[in-house]
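Worksheet: the structure to be examined is printed underneath.
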Amino acid sequence: MLDMLVYIFLLLLILLVFGTAAYAGMKASPWVPVFKKDIERILKLAQVKDDDLVYDLGSGDGRVVAALANNSQAQIVGYEVSFIPYLWSKIKILFLGLSKRVEIRYADFLSRDLSQASVVFCFLTPMAMKKLEPKFRKELKKGTRVISYSFSIPTWQAEVVDKPDKKSIPIFKYVVDSA
């Protein structure tokens, strides 16, 4: 009987881990971390101020939210639907002592209200960026900065495209109502 319970538990755990990873990949983006060497470029473009509210859509392992929190006093919310990166980032934020200003939510950002954000960061697929464009237009207030790593918002004109050389991943900066 105990063996059967162990097998059921392991099966459920496997389904949770792989199921949420597959869901994340189909919904917006599989977990692929931002290159550490690009964090400084992201910080520079985001220009996060201490009174900002930053949303990281698909926050993965929390490396971007941690960097943002270590370089400002802003409130930061990360959304993640893949269980392992979510759990890892929750633990990371706790151990870094950032949990008073950083919240990691196990939630689908497409179903959340983004209207309070003053900065939005995302590293998502072109399909997800296309889905987000009308949501951004509807919910983000004028002046909100949107930083997108690797993929552009298809119908918007970026204020800045940071790509220092041919091998660099582009980082796009948009400002709502100037896009």
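Remarks
- Per residue, the Cα convex hull of the range 70-129 amounts to 102 Å³.
- Net charge dipole size for the range 70-140 [Lys, Arg +1 and Asp, Glu -1 on Cβ; Debye, nearest 20]: 40 debye
- Global form of the range 118-164, assessed from the alpha-carbon gyration tensor, a/c cut-off 1.5: oblate
- The portion of the accessible surface of the range 25-179 made up by carbon and sulfur, rounded to a whole percent, is 57 (1.4 Å probe; DNA, RNA and ligands excluded).
- Taking all protein chains into account, the per residue accessible area for the range 40-109 stands at 46 Å² (1.4 Å probe).
- Above-threshold pairs, the threshold being 28 Å between Cα atoms, out of 44/92; 142/166; 44/100; 130/166: 142/166
- Taking every alpha-carbon pair in the range 74-175 and binning the separations at 10 Å intervals from zero gives 14, 41, 34, 11 percent.
The values are calculated or read from the model by the stated rules, or taken from the named source; none is laboratory data. In this text, all values refer to a predicted model and were calculated from it rather than measured experimentally. Backbone-built Cβ (ideal geometry, glycine too); neighbour counts: all protein chains shown. To get the accessible areas, we keep the full protein, side chains included, count just its heavy atoms, and leave off ligands, DNA and RNA. Shrake-Rupley method; radii C 1.70, N 1.55, O 1.52, S 1.80 Å.
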